[in-house]
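**Q** Below is a structure I'd like to ask you about.
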Amino acid sequence: MPSSLIIGAGLAGLTAARELTRYGWDVTVVDKGRGIGGRLATRRIEQARLDHGAQYISAKTTAFKHLLQDLSAQGIVAEWHLEQATLGDTNFNHSRYIGANGMNEIAKALARNLTVLTNETVCQIRTDDTGWLVETEAGAQYRADSLIVTIPAPQALTLLEKSHVGLTASDQQALSAITYHPCIAVMVAMNQPSLLPPPGAIRYQTGSVAWIADNGQKGISPDQPSVTIHASADFSQAHFDSDLSGIGQQLIDQVSEWIPASAVRSIQVHRWRYSLANQRYPGSFLAAAALSPLLFGGDGFGDGNVEGAFTSGLQMATYLRENLA
Ligand SMILES: Cc1cc2nc3c(=O)[nH]c(=O)nc-3n(C[C@H](O)[C@H](O)[C@H](O)COP(=O)(O)OP(=O)(O)OC[C@H]3O[C@@H](n4cnc5c(N)ncnc54)[C@H](O)[C@@H]3O)c2cc1C
């Protein structure tokens, strides 16, 4: 039975794992996180539930639409009726979807029946002509015929360097060209609803705040009002390494018309070093020149965002099935 080891249990890794498993492959997914889902991230603060990574999903391809329809029939995915004014989006002709109980539930649903190991940070990879050996910080070792790497490209390059795995100049150049915006996310648990008008989200084109969303109106935080704020790329870049203690309040002050000071109960801040891939590899994955199959994918490849990560995972699985089975 052909086997694959997948680094990263975000949407790209889980999609590749599901597809290969469906065809009888022996697949193990490892992730450094305590939970799965990567940037499909949902957090609980008090009784509130907040999405602090991806906010909604667009679906343009048939394969992704089918998956979302299936998850919708199971009650895992719902539609969020955002307006053109909310998104400031000229390309406003398709539906937006969310996890009905948070974005992370989508990842959990996709991981059902897969072998996904969490708290496993990959620190070394090695290859010979029989396959790959992957080692984690906890000292575990995993072997597989093929390796799929879905972590952001800058982190993948660091891992390769630490592992003394060389790439061809063109593969190295392709991965080095992929870049991401950082994003500082502020999560606010409140004791009364925000004043955001329906449908509960606004995207800003200028200023230090890029996005604000009311998780209650979104439908994922019925037990306590809560708001997620995303700082703009410029603000996040400028403040990424600063002490974050005052930054949450500073960003809340920027949107105080929607969040009365008396409504704020607690504030948490999360730093996403890699949020949206702004320079992407044109193809949906990169098959590197190596002794055994080595694929790089994720949202840094192809169309980006959640849907791009899905397509990348699917295409990597198809490539391996066609070239390794
Ligand atoms: C703030 C924010 C807002 C966003 N908003 C949207 C949006 O509204 N719509 C949209 O479509 N997209 C949005 N995105 C982007 C979207 O979340 C991503 O494009 C998508 O989730 C990426 O999936 P992925 O599988 O490629 O990567 P990830 O989800 O990042 O998965 C990679 C996984 O690799 C793991 N990992 C990293 N290093 C190691 C290691 N050494 N060993 C083991 N595991 C490792 C990580 O823990 C992670 O789980 C947003 C992202 C952020 C951060």
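The values are calculated or read from the model by the stated rules, or taken from the named source; none is laboratory data. None of these values were measured; they are calculated from a predicted model. Please note: Cβ atoms are built from the backbone with ideal geometry, for glycine as well, and neighbour counts cover all protein chains shown. Calculation scope for accessible area: heavy atoms of the full protein, side chains included, ligands and nucleic acids excluded. Shrake-Rupley method; radii C 1.70, N 1.55, O 1.52, S 1.80 Å.
**Q** Nearest 10 degrees, 0 to 90: what angle lies between the long axis of helix 11-22 and the longest principal axis of the chain (Cα atoms)?
**A** Between helix and principal axis, roughly 50 degrees.
**Q** Per residue, what accessible area does the chain have, given a 1.4 Å probe and all protein chains present, in Å²?
**A** Solvent-accessible surface per residue comes out at 44 Å².
**Q** Can you check what the net charge comes to around residue 51, using other residues whose Cβ is under 9 Å from the Cβ of residue 51 (Lys, Arg +1; Asp, Glu -1)?
**A** +3
**Q** In addition: So what is the relative contact order of the chain, in percent, for Cα pairs below 8 Å that sit 6 or more residues apart? Walk me through the numbers on the way to the answer.
**A** Working: 736 pairs, mean separation 73.7, N = 325.
Answer for the chain is 23 percent.
**Q** Short version: ³J(HN,Hα) in whole Hz for each residue of the stretch 186-194, in order, from phi by Karplus 6.51 cos²θ - 1.76 cosθ + 1.60 (θ = phi - 60°), x for Gly and Pro, what are they?
**A** 10, 10, 10, 8, 10, 9, 8, x, 5
**Q** For the chain, what % of the accessible area comes from carbon and sulfur atoms, probe 1.4 Å?
**A** 46
**Q** On to the next question. Note down the accessible area of residue 130, probe 1.4 Å, to the nearest 10 Å².
**A** Roll a 1.4 Å probe over it and residue 130 shows about 100 Å².
**Q** So what is log10(I(q)/I(0)) for the stretch 227-325 at q = 0.20 1/Å, when the Debye sum runs over its Cα atoms only?
**A** Per q value, in the given order, log10 I(q)/I(0) is -0.96.
**Q** Mind putting a number on the dipole of the chain about its Cα centre? Charges go on the C-beta only, +1 for Lys and Arg and -1 for Asp and Glu, and I need it in Debye to the nearest 20.
**A** Numbers: 23 positive and 29 negative charges, 79 e Å.
My answer is approximately 380 debye.
**Q** Here is a follow-up. Return the sequence-ordered ³J(HN,Hα) values of the stretch 124-141 in whole Hz as given by the Karplus equation 6.51 cos²θ - 1.76 cosθ + 1.60 applied to θ = phi - 60°, using x for Gly and Pro.
**A** Residue by residue, the stretch 124-141 yields 8, 10, 9, 9, 9, 7, 9, x, 10, 10, 10, 10, 10, 4, 6, x, 7, 10 Hz.
**Q** What's the Kirkwood radius of the chain in Å, using all Cα pairs? Before the final figure, lay out each step's value.
**A** On the way: mean 1/r = 0.0491 Å⁻¹.
Averaging 1/r across every pair of different Cα atoms and inverting gives 20.4 Å.
**Q** Rounded to the nearest 10 degrees, what's the angle between the helix 305-324 long axis and the longest principal axis of the chain, both from Cα atoms, 0 to 90?
**A** 10
**Q** In terms of modelled amide H atoms, which long-range or inter-chain residues lie less than 5 Å from the amide H of residue 95?
**A** 59
**Q** Follow-up. Give me the angle, in degrees from 0 to 90, between the Cα long axis of helix 62-73 and the longest principal axis of the Cα atoms of the chain, rounded to the nearest 10.
**A** 60
**Q** Then there's this: Positive end of the dipole of the chain, charges at C-beta (+1 Lys, Arg; -1 Asp, Glu), about the Cα centre: which of 283, 224, 91 has its Cα farthest in that direction?
**A** Farthest along the dipole direction, towards plus: 224.
**Q** Could you rank the peptides 58-64, 94-100 by their average count of other C-beta atoms within 10 Å per residue, with the highest value first?
**A** The peptides rank, most packed first, as 94-100, 58-64.
**Q** Sorted by average packing, counted as other Cβ atoms within 10 angstrom per residue and highest first, what order do 171-177, 289-295 take?
**A** Answer by packing, highest mean first, reads 289-295, 171-177.
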